[in-house]
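These notes concern the structure reproduced below.
The values are calculated or read from the model by the stated rules, or taken from the named source; none is laboratory data. Computed from a predicted structure; not experimentally measured. Cβ coordinates were reconstructed from backbone atoms using ideal geometry, including for glycine residues, and neighbour counts include every protein chain displayed. When the accessible area is computed, the model is the full protein with side chains, heavy atoms only, and any ligands, DNA or RNA have been set aside. Shrake-Rupley method; radii C 1.70, N 1.55, O 1.52, S 1.80 Å.
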Amino acid sequence: MHYEDEMDKHPREYAPYRSTLDECDRALAAQDLHENEDTRDSSIAQLREFIAKHPQIVRCRTDAVFLLRFLRYRKFNVADACATLEGGMAFLMRMRTLYGDEVNTFHPNVLRMLDLDAIVPLGFERKRRMAILVRVGAMDPKETTALLQMRLGALVINTCLEYERTQVHGTVWIVDCSGMTMAHVGAWGLTEVKMMADSINEVVTMFVKEVHMVQVPRITWMLLDILLPLLSPKIRDRFKFHRTRDELRNSVDPSILPTTYGGQQSLKQATDNFRRMFETQTKWFKLEEQFLMDLSVPAPGAGGRTARNNQRNEFPGEECMVGSFRKLTVD
């Protein structure tokens with residue numbers, strides 16, 4: 001089966017699943033995610049049936065690794081996995097409407113962000129979680145927008161989620177705020193902050209195990225005071241703050257850190273590895289640019305849709321939110 005056939009929402013034949021997990025990974029998936037051969041195969045079949053019968057979904061990936069993102073994230077509750085897939089596709093369609101081609105992974109402005117090495121997967125740490133480094137100061141606020149920063153984050157997340165170990169074990173985020181200025185804060189409107197929170201809470205199918213904030217200047221709290229209350233309590237409680245890189249090393253697997261943080265690999269090694277990861281998964285990103293959901297068609301059971309689902313797929317306009325960081329005077 002050619003991989004392009006997997007964009008057919010109801011192909012004559014589905015690609016078979018070939019696990020890339022080892023015994024330790026499978027044991028954790030069984031313990032924490034309720035995954036075994038029976039639940040996995042039957043749940044994938046149900047999710048494929050949901051896609052095939054959904055009146056709004058026109059084109060969508062149906063390969064097992066993609067669908068397992070949603071099933072594992074929702075611990076094989078098929079109804080919740082279906083709702084998350086539906087909400088994620090609707091979110092993407094609205095992003096395209098609001099922001100146009102710049103939402104696409106291969107838009108020149110998005111690819112240009114890769115060269116900044118601002119968000120870099122560092123590899124799997126000792127607990128088998130993917131560690132991801134965010135260097136806020138590497139993003140020039142005069143050259144980047146909040147949207148581009150979010151799209152770079154989405155590119156990194158989607159690249160990591162193509163690896164099943166990330167789906168099972170989750171991620172550890174290290175956010176280095178050194179070099180952050182008022183101009184960085186001013187790049188974010190309140191609508192973008194709300195959009196990012198909604199994405200983290202409802203769209204991103206990645207377990208966030210820890211978020212380590214390092215060298216956080218006072219101005220960063222202008223964003224955090226808005227963002228943190230919008231996040232789910234579970235994610236909010238996983239934020240940890242460190243005044244120095246020395247403090248950080250005592251809280252994470254130090255071997256995975258770049259040498260500039262006291263670790264054992266250079267930042268260039270990490271970025272080169274990430275580029276190879278991204279290039280390996282390029283075919284899937286190209287297919288995902290063909291994702292299509294027709295939101296003009298009534299959703300199944302729209303009359304009974306919960307307020308939570310309605311809210312998840314709506315973006316409040318600037319007029320709904322008082323003030324904006326963009327109105328701040330920045331240097």
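In µm²/s, what is D for the chain at 25 °C and 0.890 mPa s, where D = kT/(6 pi eta Rh) by Stokes-Einstein and Rh is the Kirkwood radius from Cα pairs?
Stokes-Einstein gives a translational diffusion coefficient of 118 µm²/s.
Is the C-alpha gyration tensor of region 164-226 telling us rounded, prolate or oblate? Criteria: a/c under 1.5 is rounded; beyond that, a/b larger than b/c is prolate, otherwise oblate. Intermediate results must be reported in sequence, preceding the final value.
Numbers: a/c = 3.03, a/b = 1.52, b/c = 1.99.
Cα axes put region 164-226 in the oblate bin.
Straight-line reach from Lys53: which lysines fall under 29 Å, measuring Cα to Cα and dropping same-chain residues less than 8 apart?
Answer for Lys53, where 29 Å is the Cα cut-off: Lys9, Lys75, Lys283, Lys286, listed by chain and number.
Once all Cα-Cα distances of region 129-204 are split into 5 Å bins that start at 0, what whole-number percent is in each one?
All Cα pairs, binned at 5 Å, distribute as 3, 14, 22, 26, 19, 11, 5, 1 percent.
Can you tell me the order of 184-190, 64-70 when each peptide is scored by its average per-residue count of other Cβ atoms within 10 angstrom, highest first? It would help to have the intermediate numbers written out before the result.
Numbers: 184-190: 20.7, 64-70: 22.3.
Highest-to-lowest ranking by the protection proxy: 64-70, 184-190.
Per DSSP H run of n ≥ 4, the term is -39500 (n - 2.57); total these for the chain, divide by its residue number, and report the mean residue ellipticity at 222 nm rounded to 500 deg cm²/dmol. Before the final figure, lay out the partial values.
On the way: 15 runs with 149 residues, N = 331.
Per the formula, -13000 deg cm²/dmol.
Over the chain, average the accessible area per residue using a 1.4 Å probe and give it in Å², no decimals.
Numbers: 15610 Å² over 331 residues.
Result: 47 Å² of accessible area for each residue.
Could you compute how fast region 132-286 diffuses translationally, taking Rh as the Kirkwood radius over C-alpha pairs and applying Stokes-Einstein at 37 °C with viscosity 0.692 mPa s? Give it in µm² per second. Intermediate results must be reported in sequence, preceding the final value.
Numbers: Rh = 16.5 Å.
Here the translational diffusion coefficient equals 199 µm²/s.
With the convex hull built on the Cα atoms of region 230-287, state its orientation-averaged projected area in nm². Kindly include the intermediate steps, with their values, before the conclusion.
Values: hull surface 25.7 nm².
Projected over every direction and averaged, the Cα hull of region 230-287 covers 6.4 nm².
Multiply the residue gap between Asn250 and Lys268 by 0.36 nm, knock off their C-alpha separation, and tell me the result in nm, one decimal place.
Result: 4.2 nm gained on full extension.
What value does region 78-211 have for Rg/Rh, both radii from Cα atoms and Rh as Kirkwood defines it? Walk me through the numbers on the way to the answer.
Details: Rg = 15.0 Å, Rh = 15.7 Å.
My calculation puts Rg/Rh at 0.95.
Hey, could you get me the Stokes-Einstein D for region 48-91, Kirkwood radius over alpha-carbon pairs, 25 °C and 0.890 mPa s, rounded to whole µm² s⁻¹?
Numbers: Rh = 10.5 Å.
Result for D is 234 µm²/s.
Over what distance in Å are the Cα centres of region 18-86 and region 97-132 separated?
So the separation of the two Cα centres works out to 24 Å.
Taking the Cβ-Cβ separation of Thr181 and Glu289 as r and a Förster radius of 45 Å, what is the calculated FRET efficiency to the nearest 0.05? Walk me through the intermediate numbers first.
Numbers: r = 34 Å, r/R0 = 0.75.
Plugging the Cβ-Cβ distance into 1/(1 + (r/R0)^6) gives 0.85.
Residue separation times 0.36 nm, minus the C-alpha to C-alpha distance between Tyr99 and Asp237: what's the value? Intermediate results must be reported in sequence, preceding the final value.
Values: separation 138, 0.36 × 138 = 49.68 nm, distance 3.18 nm.
46.5 nm is the gain from fully extending Tyr99 to Asp237.
Please report, in Å, the Rg and the Dmax of region 208-258, where both are computed over Cα atoms only.
Spelled out, the Cα radius of gyration and Dmax of region 208-258 are 12.1, 33 Å.
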